[in-house]
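Worksheet: one structure, shown below.
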Amino acid sequence: MNVVDRVVFDAMGLFAGCLPRFDLFVRAWIADDIGLKGDLAMAVVWWAWFRREEDVRRRRATVLAAVIATAAAVVLGRALGHLLPFRMRPYSDPTLGLHWPAGGSIAALRVWSSFPSDHAMVWAAIAVGIGAVSLRAGLFLGFVGFFTVCLPRVYVGLHFATDVLAGWIIGMLMGWLLTRPRIRDRLAAPFLRWEAANPGLFYAAAFMATLHLAAMFWNIRQLAGRLLHAS
């Protein structure tokens with residue numbers, strides 16, 4: 001274990017398991033939350049889309065690029081988890097000698113590599129992307145993502161601190177890169193044409209996309225995993 005992870009876990013070891021009610025709250029917040037925090041992020045996305053501003057096309061192009069960057073972060077996070085050397089999740093490693101609030105309720109994740117944190121990638125990507133539209137909204141999403149999504153996942157033993165740090169850096173780079181003017185405009189152009197030509201179909205599809213993105217495509221990923229193992 002590297003120095004950063006050791007320092008974080010040593011600090012957690014001072015109180016992990018000492019506050020049962022707090023542990024239960026964090027565990028429920030992570031394991032049983034079906035998308036509340038993701039719903040909040042998508043609400044900010046829709047606020048940014050309909051925000052009153054003179055340059056509507058530029059703003060909506062940026063929002064589209066931010067959403068695409070976030071969806072790409074989900075895919076890239078899972079791809080890196082499969083391509084990079086497998087890293088056991090902390091709560092699955094008995095040698096650490098820590099009590100984890102995660103318990104056994106997230107046993108399905110034992111076969112998913114801990115590095116990097118795809119949650120960190122997703123929240124960093126959407127925060128930076130929306131930050132290109134509204135700095136305050138971007139900072140708000142960054143705060144929510146880091147302190148109510150990423151840090152709790154370290155606390156319950158789903159990730160090492162370096163998993164979150166690496167995922168956050170990758171997500172920030174993705175959000176920044178895809179919202180650069182040239183890339184942003186090319187990515188958004190077909191969607192903006194679609195919205196202008198057939199708004200009903202566009203908004204129906206956009207609603208479904210943000211609905212699944214709020215849950216990080218969890219149902220789709222579960223189905224894909226079952227089909228992969230079945231084959």
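The values are calculated or read from the model by the stated rules, or taken from the named source; none is laboratory data. A quick note: this is a predicted structure, and the numbers were derived from the prediction, not measured. Cβ coordinates were reconstructed from backbone atoms using ideal geometry, including for glycine residues, and neighbour counts include every protein chain displayed.
Inspect the stretch 161-168 for any residue being closer than 30 Å to Asp55 by Cβ and not polar (S, T, N, Q) and give the result as yes or no.
Yes: the stretch 161-168 contains one or more residues that are closer than 30 Å to Asp55 by Cβ and not polar (S, T, N, Q).
How many residues does the stretch 127-137 hold that are surrounded by 21 or more Cβ atoms within 10 Å (Cβ to Cβ) and more than 17 Å from Gly167 (Cα to Cα)?
The total comes to 4.
Can you list the helices (runs of 4 or more DSSP H) found entirely within the stretch 1-96 that contain at least 3 residues being at pLDDT 90 or above?
Counting at least 3 such residues, we get 36-50, 56-83.
How many of the residues in the stretch 161-186 are modelled with pLDDT of 95 or more, buried (at least 19 other Cβ atoms within 10 Å of the Cβ) and either in contact with an Asp or Glu (Cβ under 8 Å, 6 or more places away or on another chain) or more than 15 Å from Ala127 (Cα to Cα) (or both)?
Going through the stretch 161-186 one residue at a time, the tally reaches 1.
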